[in-house]
């Protein structure tokens with residue numbers, strides 16, 4: 001199946017599979033059935049099998065999945081060893097927290113530059129990495145060629161900043177600016193992150209009946 005034919009919802013579930021399998025591998029779990037994995041992840045076994053079949057057959061009838069092998073395979077699909085050159089712009093509270101606590105190297109990224117427009121922030125270090133002024137973005141990008149940018153800037157500043165970065169070779173955005181970035185060019189990738197959306201999902205659930213759990217799958221393998 002080609003990349004274009006894989007559903008975005010399947011792709012969005014891959015990082016969760018990778019995280020669960022990594023935790024299982026750290027606990028020493030060698031193999032796991034789709035039924036047991038579904039129980040731990042709160043999904044159906046058939047959904048797991050369908051998702052993984054988009055990328056090839058990983059399980060074995062009567063054996064299940066080799067946890068470490070599947071973890072490595074999904075990591076390869078996600079590109080966790082790609083070292084995508086990444087910059088972060090906006091060192092307010094959120095930007096500093098992301099820079100300090102997100103382990104970019106585990107997500108296929110290499111954080112190579114921090115930027116802020118505040119002259120009292122630029123010129124300082126954050127955890128040993130210098131913070132550059134945004135006025136130096138063009139020169140930095142021409143020299144270092146980042147392809148991914150994390151935006152923690154005000155909503156009104158994000159669109160023009162993103163357009164400038166695209167002209168400088170950036171092809172993907174992790175956008176925390178509270179607004180949605182959109183590009184006509186499908187080659188420019190955007191992940192708009194709204195933390196409040198996740199919280200509102202919880203408040204919705206508190207105000208509505210909890211649905212019955214999905215029925216267990218009759219098929220147990222892999």
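Read-outs throughout are calculated quantities, based only on the coordinates presented, and are distinct from any laboratory measurement. Note that the structure is a prediction, hence the values are computed from the model and not measured. FYI the Cβ positions are ideal-geometry reconstructions off the backbone, even for glycines, and counts take in every protein chain you see.
Rounded, prolate or oblate for region 84-187? Axes are the square roots of the Cα gyration tensor eigenvalues, ordered a ≥ b ≥ c, and the cut-off for rounded is a/c under 1.5.
Note, shape of region 84-187 comes out rounded.
For the ranges 191-204, 137-150, what's the packing order if you count other beta-carbon atoms within 10 Å of each residue, average per peptide, and put the highest first?
So the order, starting with the most tightly packed, is 137-150, 191-204.
State, to one decimal in nm, how far the label point of residue 76 lies from the label point of residue 157, with both points 7 Å from Cα in the Cβ direction.
4.2
Modelling each spin label as a point 7 Å along the Cα-to-Cβ direction, I'd like the residue 39/residue 12 distance in nm, to one decimal.
With each label point 7 Å from Cα toward Cβ, the separation is 2.8 nm.
Tell me, what is the FRET efficiency for residue 202 and residue 97 to the nearest 0.05, using R0 = 25 angstrom and their Cβ-Cβ distance as r?
Efficiency computed from Cβ-Cβ geometry: 0.75.
Mind sorting 164, 35 by how few other Cβ atoms lie within 10 Å of their own Cβ, fewest first?
Ordered from fewest to most neighbouring Cβ atoms within 10 Å, 164, 35 come out as 164, 35.
Please compute the modelled spin-label separation between residue 133 and residue 180, points set 7 Å along Cα→Cβ, answer in nm with one decimal.
The two pseudo-label positions are separated by 3.6 nm.
Using only the Cα atoms of the chain, build the gyration tensor, take square roots of its eigenvalues as a ≥ b ≥ c, and label the shape rounded, prolate or oblate: rounded if a/c is under 1.5, else prolate if a/b is larger than b/c, else oblate.
The shape class here is prolate.
Once fully extended, how much extra length lies between residue 63 and residue 164, figured as 0.36 nm per residue of separation less the alpha-carbon to alpha-carbon distance?
The residue 63-residue 164 span can extend by a further 31.2 nm.
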